[in-house]
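Written out below as structure tokens is the structure these notes cover.
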Amino acid sequence: MEQTGTTRTCCLAQHQLQAMSLMLREADHRIANSLQAVIALSHSAAPGDDEISRRIRDHLSTSVSAIATVHRMLSVAQQTGMIPFDLYLEELVTGLGILWSDGTGRRAISSLCQQRSVRAEIAVRLGMIVNELVTNSCKYAYEGCDHGEVRVSFSVNDGTFVLLVADDGRGFDVSAATVGKGRRIVAGISSQLGSRFRYQPACHGTIAILTGPADVLLARNAVKGVLHA
């Protein structure tokens with residue numbers, strides 16, 4: 001049977017979609033490989049065993065891993081630009097737990113999160129905050145200990161989101177603490193999201209809380225300004 005013009009057009013469109021799908025899968029594969037290459041490069045660029053080299057490697061590895069996690073999820077949800085934040089947070093803290101459970105001690109990092117989809121660019125920034133806060137707890141709260149727990153939770157109630165990172169470590173005097181690069185990153189992202197970051201008093205350990213309007217989790221172009229680390 002001779003194909004009509006409409007049939008030929010439909011077939012051509014189908015072939016084009018299949019070709020685009022193959023190209024996207026190939027691009028995803030190449031991006032994933034590139035991200036792994038960046039991690040490897042960070043290790044070769046800072047090969048020393050001194051504290052500064054270790055900090056550089058740790059920071060780059062966890063930051064790139066967070067981006068890689070979002071990329072994998074976006075590959076599944078390319079149409080909406082949304083990702084399931086509960087699954088993203090679970091993957092992120094699992095990776096951080098592996099990173100910080102080494103010869104110096106085991107770090108148990110848990111996450112509790114409502115099932116909720118969040119725009120990818122917001123998830124990345126929330127992930128960066130989690131990365132910084134969990135890293136601080138793992139490095140300083142349990143310094144010299146052979147174990148330690150860090151708890152991460154995320155919830156939305158009455159139009160407000162709450163991101164909480166808590167540990168049972170030695171705690172610190174917030175007013176006397178040095179404002180390092182990590183805290184500047186957290187402060188910068190908090191400002192971008194129109195949210196508030198604070199440390200809550202605790203009997204022992206440290207409780208860090210980020211609160212902000214829930215609308216920002218779904219809004220396009222919600223990020224304000226550019227982050228300068």
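General remarks:
- Residues with amide H under 5 Å from that of residue 205, placed H, sequence gap 5 or more: 169, 171
- Rounded to the nearest 10 Å², the accessible area of residue 94 at probe 1.4 Å: 70
- Of the residues 167, 86, the one with the largest accessible area comes first in the ranking 86, 167, computed with a 1.4 Å probe on protein heavy atoms.
The values are calculated or read from the model by the stated rules, or taken from the named source; none is laboratory data. The structure presented is a predicted model; accordingly, all values stated were derived computationally and were not measured. Surface areas here come from the heavy atoms of the whole protein model, side chains and all, with no ligands, DNA or RNA. Shrake-Rupley method; radii C 1.70, N 1.55, O 1.52, S 1.80 Å.
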